[in-house]
Amino acid sequence: MVSERTWERIERQNLHRRERWRRHVRPGDRPHPEVEPGTDMLPQIKHIVVLMMENHSFDNYLGTLGRGEGFPVADDGAPDAENPDSAGTMIRARHAESTVQRDGVPCQSWSATHAQWDGGKMDGFVTSAEQAAPGADKTTAMSYWTEQDLPFYHGLARTFPLADRWFSSCLGPTFPNRRFLLAGTANGLMDDLPVNLLDRPPAGTIMEMLTRHGISWVNYRPAGSDQSEFRRFLSYRRRRTSHHLTHAGHLRQQAGYAFNRDLQFTSAIYPLGMAGYMAHVRSIERFFADADSGNLPSFCIVDPDFRSFSEENPQDIRKGESFAAEVISRVMYGRGWPDTLLIWTYDEHGGYYDHVAPPAAVPPDDVRGRSLVAHRSPLRTLLKPLFPHYVRHAEELVAGPNTYDSYGFRVPAVIVSPYARPDCVLSDVFDHTSVLKLLEEKWNLPALTRRDAAATAPLGALDLTAPPAFLTPPELPAPALEWGTW
């Protein structure tokens, strides 16, 4: 049986071989140029955990929290927020009738997100929902949930430092935003189509950099607990291939076809070979065991099951909350809690309303947004006469500007650690590259792109000069659904 250490050695050899063919990219400056890269500059924190859920804005989940900048409040005590529909009728923010979301609405495609933003007017949420799903409930984009719906999340955000200016990294859907988490750039990705997922960022990913410096990392994800890691890898490859073939088969369908993306785990959004998988991808059961025993790696991403409890529509958001509550609780009550930092956040807003206009952002690189199907390319030339409806659908997904010079919408974000500052609300501008900045500052690593070079790490949430305020884990409300009971 091949050991994890052997797979890591094979992966490092593959990285070295790949770098010889990669065009030269000047790396960014290290936080401490006089210190060797890979040096631990933050020894109080030994484990950094990222729990990134799916598709909700700050106002949608925490707008009624009463902490940080939530909804403006009208005289009647209700949120004072509204958006016009296509007829000009104003649709006011409303409490969602159910924790089970509508299917297919609202929408967070590149084009829909830019329409919602509307140059900072923030007035296109309802009309984009109408366009994405004619005949569906157009008011869904203005819905929100409260503490009664999500008691654990509200308790978490009331207890630990809340970042009320954490923005997604671009005005786009899941894959581009999660790419920013991995590499500080979407590398031109604008949609979730699998045909556009075959490229690598010129400067590599943060995981490759961690591997290069011998810093442990793992991507935990739900997978069959009765399988070996190799069988899980084969299952991942089969499902990925099946998804690509299914996608190709849908080319024959007529207009009206809507592509459903399939995300298995975050680190696969840039190509991940067998060595990388075998060395660094583990089951969620392994995460619980590692958290309990204090054996978490230096850095890890914990993924939900994106088909069942990631909180994307049409899922019941209570299921995602129960998963997140279990992850966070296992970290807090595990043996490694005294030197752990966990970030709970969301990849993007899911099409749900938020009232804070995202500010301008430093473009990560000179790569413009592009689609092999929607924009000029040999593949488009081949597909357009054969499958014009598919090409039109791809064009609709990415209509709009093709730059990355603005953040996306605000998303919930809480920093959980024994060193967390009590009664802390951080209003600095953060985005997903703030995670990269945190890793770079901890291990004195060079920035991957201009975006993470300019990012702010969420270290203001911590007080590392005093005894940890939350060394004894605080008691948090139970989630609306108990993990494992549904």
Amide H of HIS432 versus every other amide H placed in the peptide plane: which residues, excluding those fewer than 5 positions away on the same chain, fall under 5 Å?
SER169
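Between ALA466 and ASP137, what FRET efficiency follows from the Cβ-Cβ distance if R0 is 56 Å, with the result rounded to 0.05?
On the way: r = 50 Å, r/R0 = 0.89.
Here the calculated transfer efficiency is 0.70.
What is segment 46-180 by shape, rounded, prolate or oblate, if you read a ≥ b ≥ c off the alpha carbon gyration tensor as root eigenvalues and call it rounded for a/c under 1.5, prolate for a/b larger than b/c, and oblate otherwise? Don't skip to the answer; put the middle values down first.
Numbers: a/c = 1.74, a/b = 1.22, b/c = 1.42.
Taking the square roots of the gyration eigenvalues as a ≥ b ≥ c, segment 46-180 is oblate.
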All lysines inside 27 Å of LYS138 as judged from Cα atoms, apart from same-chain residues fewer than 8 positions distant:
LYS121, LYS319
Excluding same-chain residues fewer than 8 positions from LYS46, which lysines have a Cα within less than 23 Å of its Cα?
LYS437, LYS442
Segment 81-124: C-alpha gyration tensor shape, a/c 1.5 cut-off, then a/b vs b/c:
oblate
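Determine, for LEU481, LEU445, the number of other Cβ atoms within 10 Å of each Cβ, and report the residues in order from fewest to most. Walk me through the intermediate numbers first.
On the way: LEU481 20, LEU445 26.
Sorted ascending by nearby Cβ count, the order is LEU481, LEU445.
For a footprinting-style exposure proxy, rank PHE160, PHE167, PHE470, PHE125 by other Cβ within 10 Å, fewest first. Intermediate results must be reported in sequence, preceding the final value.
Values: PHE160 23, PHE167 28, PHE470 18, PHE125 34.
Final ranking by Cβ density, sparse to dense: PHE470, PHE160, PHE167, PHE125.
Neighbouring Cβ atoms within 10 Å as the yardstick, rank GLU285, GLU312, GLU69 fewest first. Mind dumping the intermediate values first?
Numbers: GLU285 13, GLU312 23, GLU69 18.
By the 10 Å Cβ count, ascending, the order reads GLU285, GLU69, GLU312.
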Listed highest first by mean packing, meaning other Cβ atoms within 10 Å per residue, what order do 346-356, 94-104, 360-370 come in?
346-356, 360-370, 94-104
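Computed from the coordinates by the stated procedures, all read-outs in this text should not be read as laboratory data. As the structure is a prediction and not an experimental result, all values here were calculated from the model. All Cβ positions, even for glycine, are placed from backbone atoms using ideal geometry, and neighbour counts span all protein chains on display.
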